[in-house]
1. For the pair ASP217 and ARG197, how long in nm is the line joining their label points, each one 7 Å along Cα→Cβ?
2. Got a number for carbon plus sulfur as a percent of region 174-284's accessible area, 1.4 Å probe?
3. Hey, what D do you get for the chain in µm²/s if you plug the Kirkwood alpha-carbon radius into Stokes-Einstein at 37 °C and 0.692 mPa s?
4. Across region 244-250, in residue order, what do the Karplus-derived ³J(HN,Hα) couplings come to in whole Hz, using 6.51 cos²θ - 1.76 cosθ + 1.60 with θ = phi - 60° and x for Gly and Pro?
5. Using only Cα atoms, find the angle between the long axis of helix 64-73 and the longest principal axis of the chain, and express it within 0 to 90 degrees, rounded to the nearest 10.
6. Kindly state, to the nearest 0.05, the FRET efficiency for ASP247 paired with ARG18, given R0 = 35 Å and r defined as their beta-carbon distance.
7. I need the P(r) histogram for region 140-284: all alpha carbon pairs, bin width 5 Å from 0 out to the longest distance, whole percents.
8. Taking the mean number of other Cβ atoms within 10 Å as a proxy for protection, how do you rank 105-115, 69-79 from highest to lowest?
Amino acid sequence: MNLSALAAFLKSRRDRIRPSDVGLPTGPRRRVPGLRREEVAQLAGLSADYYTELERGRGAQPSAQVLVVLARALRLDGDERDHLFHLADRPVPPAAHGPTAHVQPGLLGLLDQLTATPAQVITDLHETLVQNPLAAALIGRAPALRGPRASLVFRWFTEPGTRSLYPPEDHAHHSRVFVADLQAVAARRGGDREVSRMVAVLRERSREFAALWDTHDVALRRADHKRIVHPALGVVELDCHSLFSEDGRQRLLWFSAPPGSEGAAQLSLLSVIGTQDMTASTPA
């Protein structure tokens, strides 16, 4: 691993980002052209000391997971992300698969601008890639899972606790929507092995899934009305919107409520209440 080259690359990417680009305040006493080291560490969920050691060309070799969060925090494009992995002597992960996928810069840039509404980026299999603080406050922090369990669709049909964030009377609706969406994704991916394995396991483990899959209903989940059970706010009624990446592999989701509605008032309380310690899986 080339520690000095890795350090220089990290610093160069940090210098080009303005605080306003990532939703941070711009003060008059800033001494650096871009972000401070501690700001990058904050965005990546790392300790400031650890990131400082990386930029100084010291410390342990960063793991693949650390490189993923650094690529997101520094808003790297695909080539830059791959270069970061090469410098750290780590295998380059797939561009758009699983919970460690590289978030497409266009969606990430839009997410940065959505500071007043809950929003997150997910894959087409409903694996959460990144979420803003209000999304974490509304639906809980995304669980750190790998493999099929990283998919909310998979957990929905195999882990009953996942459903606790929706009222029981809404579960049948969400089941139908999830399966119809997965049908569309499976067709779009054209026999993708990851989707085929997921469908096979779900058909075996969930009678509900198997029955819904055999209806062959298909519809991408572009928008939906949701009632979310929040531990402090009660049932929050919101509209959920989706913006798809060009290749369809990633989606930006955001929640809204009509002005003057109870849902809008509840959303305004989220920044005061803060992130809840949610034990159930994050919905999407």
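The values are calculated or read from the model by the stated rules, or taken from the named source; none is laboratory data. None of these values were measured; they are calculated from a predicted model. Counting neighbours? That spans all protein chains shown, and the Cβs are built from the backbone with ideal geometry, glycine included. Areas reflect the complete protein model, heavy atoms only, side chains present, ligands, DNA and RNA absent. Shrake-Rupley method; radii C 1.70, N 1.55, O 1.52, S 1.80 Å.
1. Taking the two extended label points, one gets 2.9 nm.
2. Details: 2900 of 5730 Å².
C and S fraction of accessible area: 51 percent.
3. Diffusion coefficient, whole number: 163 µm²/s.
4. 9, 5, 4, 8, x, 7, 9
5. Between helix and principal axis, roughly 80 degrees.
6. Values: r = 28 Å, r/R0 = 0.81.
Using R0 = 35 Å, I get an efficiency of 0.80.
7. 2, 9, 17, 22, 21, 15, 9, 5, 2, 0
8. Details: 105-115: 16.6, 69-79: 19.1.
Highest-to-lowest ranking by the protection proxy: 69-79, 105-115.
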